[in-house]
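Working notes, beginning with the structure itself.
Quick note: the coordinates plus some simple rules give every number you see, no bench work behind them. If you're wondering where the values come from, they're calculated on a predicted model, not measured in any experiment. Cβ coordinates were reconstructed from backbone atoms using ideal geometry, including for glycine residues, and neighbour counts include every protein chain displayed.
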Amino acid sequence: MAKLQKFFRISSQPASDKPRAGHSSGHSRRQTRLSTVMCLLCICAGVSGAAPQRKPRPVQPATATRIDYSRFLHATKQHQEACNTCHQAPSSNWKTARAFPDISDYPDHIACVRCHRGQFFKGAQPPICANCHTRVSPRDGVRFAFRNPARARQFTVEFPHDKHQDVIAAWRTSPTVIARNQVVRRTFAHALQTRTDYNNCTICHAPNREPSSPPLAGWTDQYVPGLDTFRTAPATHAECFNCHWKGPQPAKENCGGCHKAATPYVPETTPKRISMKFRHEGGGPKQIHLAECTTCHINITKAASIRGLKPDVPITGCTECHNKSGLREDLNKELAAIDKDKDFVCSYCHLSDVGKRNAPSGHYLVAERTPLQPKDLK
Ligand code: HEC
Ligand code: HEC
Ligand code: HEC
Ligand code: HEC
Ligand code: HEC
Ligand code: HEC
Ligand code: HEC
Ligand code: HEC
Ligand code: HEC
């Protein structure tokens, strides 16, 4: 009975919100109440079949404006109250779901019912339940993983690398650091990796150990990047909440400090790259590419945002080894090949999507060549 009480607790709240047009679709409050009671009856009965038969209602015309109550959008105006009006931090299930206090679950019913009474207590299979539950049933509380990997993302993440350069380095050896006169303490312990860390970037960007799944359009040139190619990026809060739980802003409930609203999108399965053939753990048998990250990533540590970093790794980070006369001349060879054949596609570092385009002036500069004139490229 305890489970049902949750429903009663919510449904017996005074209906202080005026029934809004659209939600009650013209029903009087009394009728809304009635259907609430009827739905509660079906919840009590546990089986939808045992629910009392309802009078058939006129079916809503299927217009283009019909609202899909199984797809929650943050962009809807009424969904834009403070993030913590819906999201609790930590979620009540965190101890079973995670190794650290986290937002590991969906908002509770109470976050929705005050506005969505009409949708919650409508019929035996209210579509709104499917935002969170795998099965729509009054007895089954099982929910999707939070976040649901099958759903389009509604936020991108923001991480100012510049603000973290010093704090992260200091914090690895001590439980407290001072940043801008602010003492930052570890708010809970979370085991970090202990492998060799270049500038501590590896805390968040480990070597990738999962085979990449092909992009929707398939692999360009059928080139499948190996396990030694990519570096990962944080996919959970594990790398942030050590400091940002109760510590510096954005703290746990300030979701919007890190998550920036975006047009819903399907995340890329593989990182977008200019030099797809560059392998972080490659560079011959000596794996010479495994080096201090900032020798190549010269811009990121100064970057206040991860957006618009173009290019983060300039070709000057490669030419010391790949374009020295007498040693390797990978770039020179390709530039020379273009001189002979305007349709030559550069493929040492790039795939054809980039290698068939005109090389940027920086490439000619490091190779000490005069850039081709537009007329030469005809
Ligand atoms: C009206 C309630 C409500 C408010 C307010 C709200 N959320 Fe959500 N949020 C939800 C629900 C419901 C889901 C699950 C949606 C889904 O699975 O598609 C969710 C999912 C998410 C997710 C995971 C899905 C994704 O797109 O990555 C993030 C991140 C998130 N919310 C961040 C925020 C931020 C940031 C704010 C404040 C700016 C916020 N939420 C405000 C209800 C809310
Ligand atoms: C402050 C009132 C309010 C709260 C709280 C609220 N909603 Fe809504 N919701 C609305 C309004 C208004 C609409 C627009 C459509 C309508 O009038 O029904 C809407 C629309 C929706 C839709 C249709 C798609 C969309 O996002 O526009 C879904 C799904 C939905 N809400 C789910 C939820 C869930 C789940 C919660 C709780 C986590 C929630 N809502 C909390 C007011 C609210
Ligand atoms: C915004 C997400 C969301 C929506 C929408 C939602 N639920 Fe839930 N539901 C939850 C969460 C979170 C819990 C766990 C609450 C807790 O244990 O604190 C839960 C718990 C339950 C439980 C188990 C109760 C218990 O005490 O274990 C049932 C049954 C349930 N929901 C049914 C429904 C039905 C039926 C609907 C649609 C009318 C619905 N839920 C809509 C998030 C949601
Ligand atoms: C505390 C975690 C953390 C640390 C430490 C960190 N990063 Fe990041 N980095 C991130 C996050 C989060 C992103 C964004 C990933 C995303 O967009 O999903 C990112 C993105 C990047 C990107 C991709 C930028 C792009 O164009 O999308 C590069 C390159 C990068 N980091 C390099 C570095 C280097 C080099 C260091 C060390 C100097 C470093 N990072 C340290 C968290 C971190
Ligand atoms: C020898 C140069 C070089 C070094 C050293 C290097 N990187 Fe990179 N990194 C690159 C290149 C090139 C790219 C791809 C840029 C592009 O093509 O858009 C890249 C991309 C990335 C990305 C984006 C995801 C991906 O793999 O495409 C991350 C994150 C990253 N590097 C982190 C690191 C970290 C952490 C280190 C140190 C352990 C490091 N890099 C060392 C050259 C380097
Ligand atoms: C070692 C502790 C530590 C870790 C781990 C950490 N941060 Fe921070 N972060 C800080 C400190 C301290 C500041 C404030 C720096 C300042 O103001 O100069 C900060 C600032 C920020 C800001 C900028 C706030 C503003 O007002 O400009 C954002 C956004 C942020 N962190 C996101 C993240 C994300 C996302 C992660 C995880 C990928 C993360 N941080 C991991 C300590 C940390
Ligand atoms: C200090 C920065 C920060 C704050 C504050 C923050 N997040 Fe996140 N969140 C991240 C980063 C970084 C990721 C991993 C990158 C990604 O996948 O978007 C993430 C991932 C998530 C995920 C997917 C996690 C998983 O394990 O699959 C959800 C859901 C989420 N955040 C929701 C929230 C909500 C809701 C809040 C507020 C209660 C919040 N976040 C507060 C930085 C933050
Ligand atoms: C040693 C590796 C290497 C070789 C060889 C090379 N490139 Fe690049 N290329 C890079 C790197 C690194 C960048 C990104 C940084 C920059 O623009 O300096 C880049 C950038 C580019 C871009 C700009 C892509 C964008 O979207 O910004 C084009 C186009 C390009 N190269 C074409 C070529 C052509 C054509 C050749 C053959 C003549 C060539 N590259 C040979 C490493 C290489
Ligand atoms: C410190 C020297 C050094 C630097 C810097 C360097 N490379 Fe390399 N790279 C090598 C060596 C050595 C090899 C192995 C060559 C061979 O076996 O033919 C290699 C191989 C490669 C290959 C062939 C695939 C592989 O990994 O074996 C590509 C593509 C490549 N490098 C791209 C780049 C790009 C792009 C940059 C700049 C972002 C870069 N390299 C910077 C030394 C370097």
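Data overview
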quantity: Long pairs among LYS95/LYS252; LYS163/LYS286; LYS95/LYS122; LYS77/LYS260; LYS286/LYS324; LYS277/LYS333, criterion Cα-Cα beyond 22 Å; calculated: LYS163/LYS286; LYS95/LYS122
quantity: Estimated FRET transfer efficiency (THR301, ASN254; beta-carbon r; R0 22 Å; 0.05); calculated: 0.35
quantity: For the stretch 316-377: relative contact order, % (alpha-carbon pairs under 8 angstrom, 6 or more apart); calculated: 24
quantity: Total formal charge among the other residues, if their Cβ is under 10 angstrom from that of PRO264, Lys/Arg +1 and Asp/Glu -1; calculated: +3
quantity: Stretch gain in nm, segment TYR223-LYS333, where the contour uses 0.36 nm per residue and the Cα spacing is subtracted; calculated: 37.4 nm
quantity: Two-site label geometry, ARG71 and ASP108: point separation in nm, points 7 Å out along Cα→Cβ; calculated: 3.0
quantity: Neighbour net charge for PHE146 - beta-carbon separation under 14 angstrom, K R +1, D E -1; calculated: +2
quantity: Computed E for VAL157/THR370 - FRET, C-beta separation, R0 30 angstrom, nearest 0.05; calculated: 0.10
quantity: Computed over the stretch 259-358, Kirkwood Rh from alpha-carbon pairs, angstrom; calculated: 15.9
quantity: Length added when fully stretched, ASP312-LEU290, from 0.36 nm per residue minus Cα-Cα; calculated: 6.2 nm
quantity: Alpha carbon centroid spacing (whole Å) that separates the stretch 144-170 from the stretch 287-366; calculated: 28
